[in-house]
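Presented below is the structure to which this report refers.
A short reminder: the numbers here are calculations on the coordinates, not readings from a lab. Since we're looking at a predicted model, the values are computed, not measured. Here Cβ is always computed from backbone atoms with ideal geometry, including for glycine, and neighbour counts include all displayed protein chains.
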Amino acid sequence: MLQTEYEMNEWEGTRKAVGGGFRYLIGIILLICFYYTYPIIKTPYGYTTYIRLDDIVSFFFVLFSLSAIFGRYKMTETRFFPIIVVALALALPSIVWGFLLSRILKNFQYGIWQTVHYAKIFLIFLSAIVLPMNVKRFRKLVMIVWLGSVFVGIYGGLQYYGMISFRGLIEEFYASGPWGGGVEYFARTALGPLSHSHACIASYMTIAVLATLFLLRTAWGIAKPIYLASIPFFVVVILWSGGRAGLLGVFVGLLTYMIGSRVRPAAVLGVLGTGIAIYIVINAVPAIEERFLGLGGTSLYEYTSGRFAGWFKQIGFLFTHPQCLVAGIGLGNFSYMRERIGLIAGHNNYLHWLSECGILGLILPLLFFKRFAGVLKELALFSKFHREVAVAFAAMIIGVLALGLAQEVFVPSPSMVSFPAYLAFLLGCVVALYRTSILSGSVDEEESQLEIELPSD
């Protein structure tokens, strides 16, 4: 798949013109900021508008990437552009439609807030796509993912054991936020510097487990047992957080990885370590056993916090209101359904999209993931290293899609904070590796050596 001399010169010129190395550095800074997402600047508009570190860095990351985005939109990423453009074009009509249904100004304002954050997520993805990405750079980013996840897990563990408290944060932000509603519960839950919601840290740890398997497969020497030992640790943090959806995501992701990697020893050891960690912790901590196994006569309704019943009511409402099934109830207008279904949130990403944005609002993101799967399939053909990337990230995205069955992990919200943007950045970096491989035609000698000599399990 060799490129012409003209195409190579065009690629090299574009890379230098937009400052590829500088943008990559900002990307690293942004990735690091995703591991501390508590608000740092208060605004007079409430807790949903508090500014975080990643918000500030995202602005500069996107700003310095605009020339590259506009200069490369006709290349390999064109498969994503139409989906993103259509989604943004439909946002405002959806907000207006939702306001006409509910006549609640707060819902209208929240819809605009969500649209801004969706746009930010899309722009981060597009900015990551146009990063000049080679094997070394990509692996460095995944190592930062691992280090950041270890930091989050340690922070959450220290909080779980009462060695770190975020009471000061609660006192600072509780007046217009949810942090003051359950101090006693949060004091014994691993949250980390991410969110007031256990679902957020569980989602981060799901990413961490699958990213670690990729590093484990491409590591040498003493690094391998360190990576292997970190997998049970990440799973224990999920147990500490009480994130049952996270455990589902890890299970589905590991199963997918085992199939995709053809049951390599690294995958088997990862699954065994995870299983042992779950068995020990659940049997050692009665509260965690109750949370995850629901023993002691807990009914299905209590175990799911009424979610099953709410989902059936949600589906029933949509099918008895065809106009809402087609057009949704409006972006950011989910509170319109709260009294009807008995849930303050959808707790299912796909029902959330279907409820707020209708059939098209569900099809568009699923089409995005389908096209991303196509990128992974083509990426796996370049080399052994690229195949490891494809297998690990396919497992990762399937694990996160499983998370979406019980949480709204792709919806920008105060609970999930920066997770959707974090995931968008990582997926964008995978596409960047793919497009760089296409543009370069063949890997250079140094990268080829690294790729061919992958360590065996």
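What list of ³J(HN,Hα) couplings, whole Hz, do you get for segment 274-282 from phi and the Karplus terms 6.51, -1.76, 1.60, once you set θ to phi - 60° and write x for glycine and proline?
Rounded to whole hertz, the list is 5, x, 5, 4, 4, 4, 5, 5, 5.
Enter the Cα centre distance for the pair segment 314-342 and segment 201-273, rounded to the nearest angstrom.
Segment 314-342 and segment 201-273 have Cα centres separated by 37 Å.
For 206, 49, 218, which order do you get if you count the other beta carbons within 10 Å of each Cβ and list the fewest first?
Numbers: 206 32, 49 17, 218 23.
Exposure proxy ranking, most exposed first: 49, 218, 206.
Give me 146, 220, 240 sorted ascending by neighbouring Cβ count inside 10 Å, so fewest comes first. Before the final figure, lay out each step's value.
On the way: 146 20, 220 9, 240 26.
Neighbour counts put them in this order, fewest first: 220, 146, 240.
Under 5 Å between amide hydrogens, which residues at least 5 positions from residue 192 or on another chain qualify, with H placed 1.01 Å from N in the peptide plane?
HN-HN under 5 Å from residue 192: 156.
Within the set 42/313; 140/370; 140/377; 136/224, which residue pairs have Cα atoms separated by over 29 Å?
Pairs exceeding 29 Å: 42/313.
How many angstrom separate the Cα center of segment 383-441 from the Cα center of segment 109-155?
So the two Cα centres are separated by 9 Å.
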